[in-house]
1. Being out of contact with any strand residue (DSSP E or B) (no Cβ under 9 Å at 6 or more places or on another chain), surrounded by 15 or more Cβ atoms within 10 Å (Cβ to Cβ) and closer than 19 Å to E352 by Cβ: is that true of R420 here?
2. Tell me, please, whether a residue that is under 29 Å from E405 (Cα atoms), among the basic types (K, R) and open to solvent by less than 10 Å² (accessible area, probe 1.4 Å) can be found in segment 210-218.
3. Looking at segment 353-380 only, could you name the residues that are in a helix (DSSP H, G or I) and of a type in the set (D, E)?
4. Go through segment 219-256 residue by residue and tally those that are out of contact with any Gly (no Cβ under 8 Å at 6 or more places or on another chain), open to solvent by 10 Å² or more (accessible area, probe 1.4 Å) and not in a helix (DSSP H, G or I).
5. Of T403, T410, which residue is assigned to a loop (DSSP other than H, G, I, E, B) and in contact with an Asp or Glu (Cβ under 9 Å, 6 or more places away or on another chain)?
6. For segment 131-159, give me each residue that is outside any loop (DSSP other than H, G, I, E, B), over 14 Å from A200 (Cα atoms) and either at pLDDT 90 or above or open to solvent by less than 10 Å² (accessible area, probe 1.4 Å) (or both).
7. Which members of segment 395-415 meet the condition of being closer than 29 Å to A319 by Cα and either surrounded by 19 or more Cβ atoms within 10 Å (Cβ to Cβ) or touching a strand residue (DSSP E or B) at 6+ places or on another chain (Cβ under 6 Å) (or both)?
Amino acid sequence: EIVDDVDGEEEEAKEEDHSTEEEVSPAEEPKQNEKFPQEEIPDYFTPLTPDERTELKERLRATVRATRDALVLSDRSDGKVDDGPISSPQRTLVLGSGVPKQFMHMHHMKTGGTSLDGLISCALRRQSDVMGDRVNYSRMSECGSGVRSCMGTLAKELDASVVDNVFYDKDETSFDPADVDIADLNVCKTSEAEVMSYCASLHAVRTFGWSGVDKVTVIRHPVERAWSMYRFSLRGCYDCKEMKEVLRKVADGTFVEKRGWPKLGKGGEETEKFVYSPNDSCAVQMIGHQATNLLSSVELYNVANDVRFPREKEIADEAVRNLREVFTWIGLTDRIQESIDGIRTVFPFLAENLNDAATVFGDALKKNGEEVDGSFSLPEGYNDEKGCPFEHRNAGKEPACGTKEMDAETIFLINKLTARDMAVYKAAVERFELQQEVLEEFWDGSL
């Protein structure tokens, strides 16, 4: 049995079935040659220096070696050390029973995250069969006010208040919940969950005590993601309006959600014109949202949806730094199958077939000089009859209204609103290539 708690994703789930995770790339130069007023869009991306590349590659090698070592240990010790689970069961074929906070997925909307969540859900159902015990799986999302609700519950449990994501004690002194032991509180079941999917920011991840957990995420080209988001919510959010009309309104702070979610401030009053609430999802999904999710500091998170962009360089820098340093492994939507293959290498419990994976990993470990028999803690006689193929969910449809093809102004407006996401995407491509090099070393036995 899987305990699957979905906090605040009702609105998202209703529309997700009509969406697409994979479309023909619209990020190429448009056919139209329109003229319109435009300013230069800043480039916030700073490539790694040679020394930084070397350092990152060594960290990635250490990551894959940790998976290798966990697999070897699981093969030699039946998955246990001193009658307890091995320290990193998420790096093996069999998860640890009753071990919280093993693995999490940061889900950015319209990046392939729903498909990856589907793979995780399948793998956890299969783990319940393998272990004979349930897997606690929970989700948290900003869409539908899930994060805000859980933060309010946490504040109440701590006898505190929370305003604009900042916690205050009775003396109105701010404090960081990450510095407090909240495990016993189990707010929104975040303490007991073994696996989580956060459609939220790293600030929320940190608040609920998941900052040190193995993390994966998938990043998408910002133009492609915005186009997908527009098609996904064409009727629910954008009332079939032309995409550039939507983007103009978002950019000048006048966009109003069709769903009726107002822009509300800390006291319930409307916020100033250019500042959107995180719950104004139709608008904020068009404003560098991947970078916003990658923010861990509350002060930057709280200005991330201000379309005057007062601290954009700082936001881009922190998002890129966290992408490089905080995540165990990442993927790219435009190279999704390679991404899933890599994630499955680092986290073998996500394999399409556990028996086949045991054989493949056994051969690879022998190439790396390890002596293994290839059981990897799988129960004797276990046969993975179900399997967990990676399936592309939410087949898309051509829009019946609104914009059918983006023109030059539409793409310019997307780039203007998502300059920080372009920095994140470039950093993701840079890191992905290093990951691929390390994976090649592992599979050819030279790691």
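The values are calculated or read from the model by the stated rules, or taken from the named source; none is laboratory data. What you are looking at is a predicted structure, and each value in this text was computed from that prediction instead of being measured. For neighbour counting, all protein chains shown are included, and Cβ atoms are generated from backbone atoms with ideal geometry for every residue, glycine included. For the accessible areas, the whole protein counts, side chains as well, though only heavy atoms, and no ligand, DNA or RNA atoms are used. Shrake-Rupley method; radii C 1.70, N 1.55, O 1.52, S 1.80 Å.
1. no
2. There is no residue in segment 210-218 that is under 29 Å from E405 (Cα atoms), among the basic types (K, R) and open to solvent by less than 10 Å² (accessible area, probe 1.4 Å).
3. Within segment 353-380, D356, D363 meet the criteria.
4. 8
5. The conditions single out T403.
6. Matches in segment 131-159: V135, N136, Y137, G152, T153, L154, A155, K156, E157.
7. M406, E409, T410, I411, F412, L413, I414
Conditions (1) over 20 Å from the mean Cα position of the chain (by Cα); (2) within 30 Å of T92 (Cα to Cα), marked per residue:
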position	(1), (2)
S128	yes, yes
N136	no, yes
C143	no, no
V162	yes, no
F167	yes, no
